[in-house]
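Worksheet: one structure, shown below.
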Amino acid sequence: MRRDVVIGCSFLFALAVPILVAVSSGGPAGDNGPAGDTNAQASPASDDVVASGAAPSAASALRVSVVRAGSVPGPRRVRPFRGIVRPRLDSPLSLRRGGVLAIVHVREGDRVSQGDVLAELEIADLRAREKELIAAVEAAAAEYDRAVAGPRKQTVAAAQAQWDQLVSLERSADLRAKRQQDLMRRGAGDQQTLDDTRLAAAAAKAASAQAEETLSELREGTRREDVAAAAARLAGAKAALESNRVDQRDSRIHAPFEGVVRGRLLDPGAYIAPGTAVLQLQAAPPLEARFGLPPEVARAISVGDAVNVRWNQATTACRVVRVHPAIDAATRTRAVDVEFPSMADSPTAGPNIGELVTLQWEGQANDPPDGFWLPTTALVRGGRGLWSVYVVQPDDLKQTRTELKQTRTELKPTGTELKPTGTELKPTGTVVRRNVRVLQTAGSQCQVGGSIDRGEWVIDTGVHRVAPNARVQGVVNNAMEMNASDPQVDR
């Protein structure tokens, strides 16, 4: 029996030797894949691993999908930012005058139109004063009209008649003085009578001259200075009346814009000082919401852009109306105001003032200076919890250095994504393993950094089929380079 066992073992050993020789000729197995098949080397699309000792020909290289490091755009991310719904305008309404509050026409929640009277002060004293000022304006206007019209024709005629009368008296006094002088020559008169007649003639002449000047003045009309003085008195009276009417207007609160009364702060009968708020008025819809965004996000937003705002389990398309230029010193954010669409058909369907809403900003994730975005299928598990990637190192090292130098320039970040060159190369070379660190993940993509350079060819899928030092021929995955993954929502 022992002899039979020895013969059986010898027979099994003889059969195992050819099998081991055939396996050895097929090359070593990959780190994550099965051992190769000797018959698979004849096909370039074979799924088996090519040994590092195989001939360096394109026909014997395994075809793999590759992407250039730095050419894969980052994922589209949706970042939430909280904001508060607020009215477009929110104003406390007060009075410029003090006094007793006579009446308040509105209450909380009432809708008002622009120009509506909302509250009034007691103005009985102002109305009495207004009547007095109206009379003063009328008197000043009459004086001005009289100054402009000048003297009446009857007044001029009376002055003319008076002047004629004085001229006649002047002639009569002259004749009397001459007769008295003749009597003195003949010795029939006395000196006293002669002097009296001479003085009476001089007085009559002076009175006649005065009447003539008065008549001339009446004929020339009113002086310009008198007309200007009358106009000034009229303007002063009108200004006093206008000031009274302004005080009356200031004794009423008018709605400065269409809106809703948010608060009624005082009731009739209260004595208020100038500037005391009586009502709180907020503008009618559409409403706005203000968000504090990081400066880099605010720079990517412009007035007029459409953004999505989520509230009450619903998402509404809103429009950016303002982007504040300054950064808040406390929060280090920039304020951005968005406007909700008008809901005239159902005003109660919109959000409430003071409600918290969420702005969902979608943007492209950029590559950091020391990292690249790659599909997660490119990662290879390493030792001690580390990760690696497989890089195709082309055979022509000189050509590789030139290509990498050009690639670093062509694949620089522009805007929010990386622009690939679009050149469809088929690099053939040897697989090299590079250790990387995972910076972050987003869905089917991950951001890695480590010992890889921008522009190197990275195997993005099927890493279980290859191993270090294997001969491969890369097929550029243009779809991965040009398209980002689905938007990822940050929580």
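The values are calculated or read from the model by the stated rules, or taken from the named source; none is laboratory data. Note that this is a predicted model, so its numbers are computed, not measured. Every residue, glycine as well, gets a Cβ built from its backbone with ideal geometry; the counts of neighbours run over all protein chains shown. Just so you know, the surface numbers come from the protein's heavy atoms only, side chains and all, with ligands and any DNA or RNA stripped out. Shrake-Rupley method; radii C 1.70, N 1.55, O 1.52, S 1.80 Å.
General remarks:
- Taking the stretch 48-196 and dividing mean pair separation by its residue count, relative contact order in percent (alpha carbons under 8 Å, at least six apart): 10 percent
- Rounded to the nearest angstrom and listed largest first, the equivalent-ellipsoid semi-axes of the stretch 238-287 from its Cα gyration tensor are 27, 17, 7.
- In terms of its alpha-carbon gyration tensor, the stretch 176-322 comes out prolate; a/c meets the 1.5 threshold, and the first ratio a/b outweighs b/c.
- Accessible surface computed residue by residue for the stretch 129-268, with neighbouring protein chains in place and a 1.4 Å probe, gives 67 Å² per residue.
- Over the stretch 167-261, equivalent-ellipsoid semi-axes from the Cα gyration tensor in Å: 74, 11, 6
- Computed E for residue 312/residue 262 - FRET, C-beta separation, R0 22 angstrom, nearest 0.05: 0.55
- Candidate residues 288, 362, 220: accessible-area rank, largest first, probe 1.4 Å: 220, 362, 288
- Extended-chain gain in nm, criterion 0.36 nm per residue less alpha-carbon gap, residue 142 and residue 217: 24.8 nm
- Computed over the stretch 153-217, relative contact order equals 49 percent, with contacts defined as Cα pairs under 8 Å that lie 6+ residues apart.
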